[in-house]
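Peer 1: I'd like to ask some things about the structure below.
The values are calculated or read from the model by the stated rules, or taken from the named source; none is laboratory data. Bear in mind that the values here come from a model prediction, so they are computed numbers and not experimental data. Here the Cβ is made from the backbone with ideal geometry for all residues, glycine too, and neighbour counts use every protein chain on show. All accessible areas refer to the heavy atoms of the entire protein, side chains included, with ligands and DNA or RNA removed. Shrake-Rupley method; radii C 1.70, N 1.55, O 1.52, S 1.80 Å.
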Amino acid sequence: MSEGENTLYPVPARLHDASQCPEPYVKSVEQYKEMHRESIENPEKFFGKLANELLTWSKPFTTVKHGGLEHGDAAWFLDGQLNASYNCVDRHAFADPNRVAIIYEADEPNQSENITYGALLRDVSQLAGVLRARGIKKGDTVAIYMPMIPEAVIAFLACARIGALHSVIFAGFSAEALRDRVQDAGCRLVLTADQGKRGGKTIETKRIVDEALKACPSVETVIVCQRTGADVPMTPGRDYWWNEETSKRMTYLTPEPMSSEDPLFLLYTSGSTGQPKGVLHTTAGYLLGAAATVKYVFDYHPNDIFACMADVGWITGHSYIVYGPLALGATTVLFESIPTYPTPARYWELIAKHKVTQFYTAPTAIRALRRLGDEWVEGHDLSSLRVLGTVGEPINPEAWHWYNDKVGKGRCAIVDTYWQTETGSHIVTPLPGAIPTKPGSATVPFFGIDLAILDPVTGKELVGNDVTGVLAVKKAWPSMARTVYGNHQRYLETYLKPYHGFYFTGDGASRDGDGYIWIRGRVDDVINVSGHRLSTAEIESALIMHHSVAETAVIGAPDDVTGQCIHAFVCLKPGISQHSTDLTKELILQVRKVIGPFAAPKKIYLVEDLPKTRSGKLMRRILRKIIAGEADSLGDISTLADPSVVEVLIAKVAKA
Ligand code: WTA
């Protein structure tokens, strides 16, 4: 570990100056330690209290915690009833209908719009009424494939209101990827839009849905919101206009009482295999995790303006655009555009315009903006900011310092939040008023997280400091995923069986001499491109579907901006020429078509052969080394069936 990384940066004094900032909820390392200790030693008391403080229950729970990691049966707040939509909308609308719930910052900068809690309650109720009228009942699954417009948030909450599970599919996924996810969950209804707008470009959202639904017999209804008003094809008897339908419905619909462990949503994510899995979250534990982390990790106080730049199609959008902030009655910013549209000052203009207090983005965006020059960030009034968050991948110290100095002006807390789709909310993170930070370290476990670093081979817990291994959690926590939709066995096998009694994250990690956690990246075949999680197997299976491909190996290569990027080695079928330039383009298109544009390989190497052992096992390690320019430390290659392929590959990569 380099010395620079290991410097401890104290909590900025401004955060403890009552004349400048509200008093942080957690004020010192000692207070954090005491609260963390209680959350682990007495979770019943800690989370029982928190659940009553942050959530409103229509029927109180009798048991805080049941089951656990041993049998994969963790359950929280049993016997309790609550509705997530009520918690995120009604109770705040009743208290103050004019409070702004959503600031919609549209693709074009001059088109922002505020949606109050009162309006949100009407809109959510009306859409919930439409879903009901179309026969959607508690426990049914509804797909949401939408641009970043307020109706997307309304869609989440309308499903939650009637107890339907939403499955949001990121609008960057292709028709084929959408089809697979809709089929897997047996969705009965799809909520979508005519088109999307992003960075000045138009996305043909409805056309993609039409293409996907050619092979989704479970879908009976499609509700189409008008984002642009374009003339899009509508299938009679299946497709209906959002506004026409909602305008028929009453402006208040009673929320369905939900048990704590009733499913709230599923969200597909990539794992080691080619088949994405529908990670399932339940109502009370998930909502509590999202709300508690907005409160403590972002130190959210009433009247703060909370801005998470993620897309609602990923877990970060679920927890930190929708459920967490709205559960606390916050004002949440919904950003439809990209950080560089119309100029690289867009984020900073947004912060100044809306007086954002908490800002949350990904290291890849920070790196990209840093490269474009300081002049874009200078001259904007960023004095409203208190907490700057990052998520999705480790943040390199250069990017951390730029964020801290140029954006935070050294006056804000930087929170590097580590978590996953499966964890529901942050699990390793600093707390703004309490934890000194180290650039690149996600620092310390959140409340309720009993962290462990395990020896990857023996599975033995590595206790004490200065250890490196795989990251795991020892006890169930409220917002952990409960199952994989329709495949509990896969849930057990992926997360709970690799190290018996532990939840396995799939990430490598170290604990340094000060007890700080450093995430080292995935130890499985998952890669992380601009914070988008992809499996190499998923990309390989997309490529192999192309008629000229015989075999392929995809690996994640380091990239200065996107963290990792995709390199694909492709062996062609006999008789197909390697020298066709169109073929590389075609293969990239193939991945865009099967998964989506964000999964496109950066480099494709057309090769004769891949490095394999005599038993036919592909040696990815060798490919990774060649890409990383470490061909001089390949290790023993004598076990390869044909060691001479290595030289050929080195030459190929060098030429590319
Ligand atoms: C990675 C995103 C280092 C990690 C919320 C994890 C991180 C995967 C961080 C989950 C961070 C996320 N530092 N790595 N602060 N945050 N990761 O499910 O590899 O899309 O396993 O959830 O992102 O990605 P997912």
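Peer 1: Under a 1.4 Å probe, what is the accessible area of segment 371-464 per residue, stated in Å²? Before the final figure, lay out each step's value.
Peer 2: Numbers: 2810 Å² over 94 residues.
Result: 30 Å² per residue.
Peer 1: What order do you get for 58-64, 636-642 when each peptide is scored by the mean count of other beta carbon atoms within 10 Å, highest first? Each step should come with its number before you reach the end.
Peer 2: Details: 58-64: 14.3, 636-642: 12.3.
In decreasing order of mean packing, 58-64, 636-642 become 58-64, 636-642.
Peer 1: What's the center-to-center distance, using Cα atoms, between segment 191-221 and segment 350-412 in Å?
Peer 2: What the calculation gives is 33 Å, centre to centre.
Peer 1: Go through 330-336, 585-591, 255-261 and give me the packing order, highest mean Cβ count within 10 Å leading. Mind showing how you got there, number by number?
Peer 2: On the way: 330-336: 24.9, 585-591: 18.6, 255-261: 20.7.
Output ranking for 330-336, 585-591, 255-261: 330-336, 255-261, 585-591.
Peer 1: Next up: Going down the list Lys65/Lys277; Lys138/Lys593; Lys197/Lys593, which pairs span over 23 Å between their C-alpha atoms? Display every interim value, and only then the final one.
Peer 2: Numbers: Lys65/Lys277 26 Å; Lys138/Lys593 34 Å; Lys197/Lys593 20 Å.
Exceeds cut-off: Lys65/Lys277; Lys138/Lys593.
Peer 1: Now for a different question. Excluding Thr468 itself, calculate the net charge of residues whose Cβ lies under 14 Å from the Cβ of Thr468, where each Lys or Arg counts +1 and each Asp or Glu counts -1.
Peer 2: -2
Peer 1: Given +1 on the Cβ of Lys and Arg, -1 on the Cβ of Asp and Glu, and no further charges, what dipole in debye does segment 1-76 carry about its Cα centre, rounded to the nearest 20?
Peer 2: 320
Peer 1: Which value, in debye to the nearest 20, gives the size of the charge dipole of the chain about its Cα centre, when Lys and Arg are +1 and Asp and Glu are -1 at the Cβ?
Peer 2: 800
Peer 1: Here is the link list: Lys460/Lys625; Lys573/Lys603; Lys33/Lys406. Which ones come out longer than 21 Å on Cα distance?
Peer 2: Going by Cα-Cα distance, Lys460/Lys625; Lys33/Lys406 fall outside the 21 Å limit.
Peer 1: Net charge around Leu82, counting only other residues with Cβ within less than 10 Å of its Cβ (Lys, Arg = +1; Asp, Glu = -1)? Show your work: numbers first, answer last.
Peer 2: Working: positive: Lys59; negative: Asp262.
Its environment carries a net charge of 0.
Peer 1: Order the peptides 214-226, 73-85, 455-467, 517-529 from the highest to the lowest mean number of other Cβ atoms within 10 Å of their residues. All intermediate terms of the calculation are to be shown ahead of the outcome.
Peer 2: Numbers: 214-226: 17.2, 73-85: 22.5, 455-467: 13.1, 517-529: 19.7.
Put in order of decreasing packing, that is 73-85, 517-529, 214-226, 455-467.
Peer 1: Under a Cβ-Cβ cut-off of 9 Å, what is the net charge of the residues other than Thr283 that fall near it, where Lys and Arg count +1 and Asp and Glu count -1? Walk me through the numbers on the way to the answer.
Peer 2: On the way: positive: none; negative: Glu261, Asp262.
For residues surrounding Thr283, the net value is -2.
Peer 1: Could you list the square roots of 5 times each eigenvalue of the Cα gyration tensor of segment 530-655, that is, the equivalent ellipsoid semi-axes, sorted largest first and rounded to whole Å?
Peer 2: Working: eigenvalues 101, 66, 34 Å².
Semi-axes (√(5λ), whole Å): 22, 18, 13.
Peer 1: Using alpha carbon centroids, what distance separates segment 520-577 and segment 85-154, in Å?
Peer 2: Centre-to-centre (Cα) distance: 38 Å.
Peer 1: Kindly flag which residue pairs out of Lys59/Lys353; Lys617/Lys655; Lys206/Lys602; Lys45/Lys409 have an alpha-carbon separation exceeding 31 Å in this structure.
Peer 2: Listed pairs above 31 Å: Lys59/Lys353; Lys45/Lys409.
Peer 1: Quick one: work out the % antiparallel among DSSP beta bridges in segment 530-655, nearest 5.
Peer 2: Numbers: 12 of 17 bridges.
In segment 530-655, DSSP labels about 70 percent of beta bridges as antiparallel.
Peer 1: Oh, and also: With unit charges on the beta carbon (Lys/Arg positive, Asp/Glu negative), name the residue among Thr421, Gln358, Asn396 whose Cα is farthest towards the positive pole of the charge dipole of segment 353-467.
Peer 2: Going by the Cα projections, it comes out as Gln358.
Peer 1: Once neighbouring chains are kept in place and the probe is 1.4 Å, which whole percent of the accessible area of segment 530-655 is contributed by carbon and sulfur? Don't skip to the answer; put the middle values down first.
Peer 2: Values: 3310 of 6010 Å².
The value for segment 530-655 is 55 percent carbon and sulfur by accessible area.
Peer 1: Sticking with this structure for a sec: State the antiparallel share, in %, of DSSP beta bridges confined to the chain, rounding to the nearest 5. Mind showing how you got there, number by number?
Peer 2: Values: 58 of 100 bridges.
Bridges in the chain are about 60 percent antiparallel.
Peer 1: For segment 386-545, what is the largest minus smallest coordinate of the Cα atoms on each principal axis, given in angstrom and ordered from greatest to least?
Peer 2: Largest first, segment 386-545 extends 48, 41, 27 Å along its Cα principal axes.
Peer 1: Suppose all protein chains stay in the model; what accessible area per residue would a 1.4 Å probe give for segment 17-82, in Å²?
Peer 2: Numbers: 3550 Å² over 66 residues.
It amounts to 54 Å² per residue over segment 17-82.
Peer 1: Measuring from label point to label point, each 7 Å out along Cα→Cβ, what is the Glu44 to Thr468 span in nm?
Peer 2: About 4.2 nm, to one decimal.
Peer 1: May I pose another question? For segment 530-655, what does the accessible surface come to per residue with a 1.4 Å probe? Please give it in Å². Each step should come with its number before you reach the end.
Peer 2: Numbers: 6010 Å² over 126 residues.
I get 48 Å² per residue for segment 530-655.
Peer 1: Output the Cα-based Rg and Dmax of the chain in Å, rounding Rg to one decimal and Dmax to a whole number.
Peer 2: Spelled out, the Cα radius of gyration and Dmax of the chain are 24.4, 75 Å.
Peer 1: Could you tell me the center-to-center distance, by alpha carbons, between segment 282-314 and segment 243-272 in angstrom?
Peer 2: 18
Peer 1: With +1 on the Cβ of every Lys and Arg and -1 on the Cβ of every Asp and Glu, and nothing else charged, how large is the dipole of segment 300-417 about its Cα centre, in debye rounded to the nearest 20?
Peer 2: 140
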